[in-house]
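This report refers to the structure that appears directly beneath it.
The values are calculated or read from the model by the stated rules, or taken from the named source; none is laboratory data. Just so you know, these numbers come straight off a predicted model, no measurement behind them. We place every Cβ from the backbone using ideal geometry, glycine too, and count neighbours over all the protein chains shown.
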Amino acid sequence: MHRLFIYAESMRVMNPASSTVSTSRATLIGFSAILTWSSLPLLTLLAGKIPPFQMTAMAFAVSFLLTLVKWQVAGESIRNHLTMQPSMWALGIFGIFGFHFFYFLAYQSAPAVDVLLIDNLWPLLIVLLSALINGDKLKWQHLAGVLFGFAGVVVVTTQKGDGPAFSSQYLLGYLEAFACGFTWALYSVLNRKVASRMPRDAVGAYCGATALLSLICHLIFEDTVPVSATQIGLIVIMGIGPIGAAFFTWDYGMRYGNIQALSAMSYTGLVIAAGSFILFGIEPYSPVILIATALILSGVILGTLDFSRRKGPLPQP
């Protein structure tokens, strides 16, 4: 159950003063990414034994190709979309590729349950970093919300009695897992800080860079495995949804939504993923899932107590 703007003078960029959008609407758009990501564990399992970097390269290539089609249909210059400030490229590659890089390294270096728990600290890290970097006001319910959600993760991962057994021999894997969660949290928070300077559709360019870098990692670390038509179909679905549109909607939610509420909501994806495994007969039903769901929903309620309809900048279409 494990899970995943170009800058040019001639381009239309975000103009915070031009229009507004409700924070609630932006948060719900961001939440759609979490719902979409919850399908990734099942899709990955159904796709079979494809090396992770190979699968990532293929899925992100699909996402990038769809973005190219969108730019072409809209009559936009692809070259302009790929002309970006170095700092913007660095942020996107650090966040999207960096997350996947540390993610796969961690799962190769430490037990999966241990890695899952450490990696899932990222919603808590988002709440803390948003206060440190963006100056967001940190309230008790924000911390309580993500802590309740994390408790739900603990319940899910220990339901079979094979919970984490942290050992110093896996220290490198634990550091990689923490780097994975920290990378995603920092990327998400910085997206909000640079929202007014980051051109639209940058995520599409980041997907292309991630596909290329994942291909390089695949060629270095993995052996290529032939894929069937069914596997290609599943990878295309990934590239359209959880490794495609979800990154655009998450990016939008992080920029203009309620970060604390989104962080608390993030843990619902694990419960949905667990439910899909039960629905497809991959995992047996366990009452423990209800306990985890109750904890996570309690966290969502706490984390969204101040879910207001404040106004935030809306990027120009």
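Restricting the stretch 263-285 to residues that are closer than 24 Å to Asp119 by Cα and over 22 Å from the mean Cα position of the chain (by Cα), the residue that is modelled with the highest pLDDT is Ile278. Screening the candidates Gly95, Gly75 for the property of being more than 26 Å from Val225 (Cβ to Cβ) and buried (at least 22 other Cβ atoms within 10 Å of the Cβ) yields one hit, Gly95.
Mind listing whichever residues of the stretch 58-100 are polar (S, T, N, Q), assigned to a helix (DSSP H, G or I) and closer than 28 Å to Phe182 by Cβ? Listed by number, the residues that qualify are Ser63, Thr67, Ser87. With a requirement of 1 or more residues that are small (Gly, Ala, Ser), under 30 Å from Leu66 (Cβ atoms) and modelled with pLDDT under 90, the helices (runs of 4 or more DSSP H) lying completely within the stretch 144-258 that satisfy it span 202-221.
Yes/no per residue for (1) out of contact with any Ser or Thr (no Cβ under 8 Å at 6 or more places or on another chain); (2) part of a helix (DSSP H, G or I); (3) modelled with pLDDT under 85:
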residue	(1), (2), (3)
Pro16	no, no, yes
Ala26	yes, yes, no
Gly30	no, yes, no
Ile34	no, yes, no
Leu42	no, yes, no
Thr56	no, yes, no
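Applying a threshold of 6 Å to beta carbon distances and a minimum spacing of six or more residues, or different chains, the list of pairs starting in the stretch 224-252 at a residue that is closer than 17 Å to Phe53 by Cβ and ending at one that is part of a loop (DSSP other than H, G, I, E, B) and among the aliphatic types (A, V, I, L, M) reads Val225/Ile50.
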